[in-house]
């Protein structure tokens, strides 16, 4: 049962980040945009059963819950804490399943040269973008690379944050253009 170490606001006023003392997963993120997607995940399903919850994202020692804007945070935080505390912590055996990448990108159709391009881009994102997004209760993964279009998907607090679609996306595009000047970054 994970104990909550801290509850942090995020740049998204409709999202809160719970920092936990025990991990929920070992490196594999879980992201749900609605209750139907979360039906097979007991923790996420319990959170979606709480009125106003609109998104659940968690990985390792933290979970971000986004609301629809209609709830009062003080009341919601008390309700959200119950299923989070009741969730089982990740066991040591599940750590071995975290060895594969959960990037979300389908690489089967990419040429060897495009796979190399995507590896460089992901390394740049790992080093200079994802730590900041994760610190704010979110993340992003690469959905695909189509010619000079890099398609990304925001998760957690970043998924519905106004700054992720404008400022953050422009910053990511500027950063990746340092290694590929013609690249356009598109969020889906």
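What follows is calculated from the coordinates using simple rules that are stated; it is not laboratory data. For clarity, every value in this text was computed on a predicted model and none was experimentally measured. Ideal geometry is used to build each Cβ from the backbone, glycine not excepted, and the neighbour counts take in all protein chains shown.
Tally up the residues in segment 135-153 that are over 19 Å from residue 48 (Cβ atoms) and assigned to a strand (DSSP E or B), please. First the steps, then the outcome.
Step one: list which residues in segment 135-153 are over 19 Å from residue 48 (Cβ atoms), which gives 135-136, 139-153.
Keeping just the survivors that are assigned to a strand (DSSP E or B) gives 139-146, 149-153.
Of the residues in that region, 13 qualify.
When residue 72 is tested against (1) within 14 Å of the chain's Cα centre (by Cα); (2) farther than 18 Å from residue 139 by Cβ, only condition (1) is not met.
Looking only at residues in segment 25-47 that are out of contact with any helix residue (DSSP H, G or I) (no Cβ under 7 Å at 6 or more places or on another chain) and surrounded by 22 or more Cβ atoms within 10 Å (Cβ to Cβ), the one that is farthest from residue 91 (Cα to Cα) is 31.
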